[in-house]
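Notes for the one structure printed next.
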Amino acid sequence: MASPWNIALDHFYDATLIPSYCAPGYKLRRRTWKDPEIRVDLSGKVCIVTGANSGIGRATAEALAKRGAHVVMVCRNAERGRQALTEIQSTLEHPGRITLELCDLSERVQVADLAERLLASHETLDVLVNNAGVLLPERQQTSDGLELGFATNVLSGFQLTWRLRQRLSESKYGRIIHVTSGGMYTQRLRVNDLQFEGRPFDGVVAYAQNKRAQVILNEMWVQHLAPNVTTNCMHPGWAATPGVSTSLPRFNRMLSGLLRDCQQGADTTVYLAASPEVQDITGALFFDRKVRPTHVLPTTRSSQVERQELWQQCCELAKV
């Protein structure tokens, strides 16, 4: 049971950013949770986790597998994927409950092929975690001309969700989780230039705008999914992941010792995938197991016309 003092501290931390997003905020809020350990048996459930060879994706895959789910790790790099698979399997009582699929999620053809393989090999699909993401220092293009960050961070999750939505609707448990970033709070959707074709590329801004698009799409997915399938976003706070240390080395050094570990960063993803407490919540943004506002600045809101244009562009680019 959360004490008034802990609830007051939670509200205070919400406004302080660094304590809130780092490990102190997580540790404080954990004390208020009814079931911190998420004691749930996921036996018989099939969970797909993209970007699962390291960081938050790997922590999510391992946590779901340890709760009995059959987890499909989706990884781009074969060597790293197989190494992560072997290491996670060594921690499990039933190693066969976690398997590996290789896919470069920035390539539309590969995403389509992945979806077909998943549908062919699994009669049921219960959870889809769109976790894979990249923050790039300079603009790069995929083989078919898309900006690499947008293709990975936005389009791959849209395409995979679309192609797997029917199979997910056949589950009594269908859940979709999109891993976003608190950086999206700083940005407004730029629907007229989603791929930085007409302005100088800034990797941090591009990543944050991708994540803003992801949050908007999550809200819109509610109208396109079966009633028994929930879709929610979460942001993990600031965690010490390989991606952060590579893409934001100065930030990583500045907050060394304060950042969350990968398990703490993955906690809300696991909660959304497993807990019965959220089985009826959809279209929301979560942080530390609580629904949060999607805007903190009035300048980041988009019109209905812009939101519909985003959806339409994603449909066209994903060829669905």
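The values are calculated or read from the model by the stated rules, or taken from the named source; none is laboratory data. The shown structure was predicted, so the numbers you read here are calculated from the model rather than taken from an experiment. Please note: Cβ atoms are built from the backbone with ideal geometry, for glycine as well, and neighbour counts cover all protein chains shown. To get the accessible areas, we keep the full protein, side chains included, count just its heavy atoms, and leave off ligands, DNA and RNA. Shrake-Rupley method; radii C 1.70, N 1.55, O 1.52, S 1.80 Å.
At 1.4 Å probe size, with the rest of the protein present, what percent of the exposed accessible area of the chain is carbon and sulfur atoms? Could you put the intermediate results ahead of the total?
Working: 7450 of 14470 Å².
Summing carbon and sulfur atoms, their accessible area is 51 percent of the total for the chain.
Ordering LYS172, LYS27, LYS45 from largest to smallest accessible area (1.4 angstrom probe), what's the sequence?
LYS172, LYS27, LYS45
Tell me, what HN-Hα J-couplings in whole Hz come from the Karplus equation 6.51 cos²θ - 1.76 cosθ + 1.60 at θ = phi - 60° for each residue of the range 61-68, using x for Gly and Pro?
Values, residue by residue: 4, 5, 5, 5, 5, 5, 8, x Hz.
Starting from 0.36 nm per residue, how many nanometres of slack lie between ARG199 and LEU258 once their C-alpha separation is accounted for?
Residue separation times 0.36 nm, minus the Cα-Cα distance, leaves 17.8 nm.
Classify the range 13-109 as rounded, prolate or oblate from the Cα gyration tensor: take a ≥ b ≥ c as the square roots of its eigenvalues, call it rounded if a/c is under 1.5, otherwise prolate when a/b beats b/c and oblate if not.
oblate
Translational D (Stokes-Einstein, µm²/s) of the chain at 20 °C and 1.002 mPa s when Rh comes from the Kirkwood sum over C-alpha pairs?
109
If you count the DSSP beta bridges with both ends in the chain, what percent of them are antiparallel, to the nearest 5?
15
Amide H of LEU100: which non-local residues (sequence gap of 5 or more, or other chain) have their own amide H closer than 5 Å, using H built in the peptide plane?
MET73
Using +1 on the beta carbon of Lys and Arg, -1 on that of Asp and Glu, and nothing else charged, what's the dipole of the range 47-115 about the Cα centre, debye to 20?
So the magnitude is around 180 debye.
Please list, ordered by chain and number, the residues whose modelled amide H lies under 5 Å from the amide H of THR231; skip anything fewer than 5 residues away on the same chain.
HN-HN under 5 Å from THR231: ILE176, GLY283.
At 222 nm, what value in deg cm²/dmol follows for the chain if DSSP H runs of at least 4 each add -39500 (n - 2.57) and the sum is divided by all its residues, to the nearest 500? Let's see the in-between values first.
On the way: 12 runs with 134 residues, N = 320.
The helix-only estimate for the chain comes to -12500 deg cm²/dmol at 222 nm.
Working out 0.36 nm times the residue gap between ASP41 and GLU79, then minus their Cα-Cα distance, what length gain in nm do you get to one decimal? If you can, show how the numbers build up before the last one.
Numbers: separation 38, 0.36 × 38 = 13.68 nm, distance 3.06 nm.
Difference between extended and current length: 10.6 nm.
Can you give me the accessible area per residue for the range 124-256, using a 1.4 Å probe, in Å²?
Accessible area per residue, the range 124-256: 39 Å².
Specify the longest stretch of the chain that does not include any exposed loop site, a site being one of the GluC sites (Glu not before Pro) with a non-H, G, I, E, B DSSP assignment and at most 13 other Cβ atoms within 10 Å. Please report the intermediate quantities before stating the final value.
On the way: sites that count: GLU37, GLU93, GLU123, GLU138, GLU197.
Answer from the scan: 198-320.
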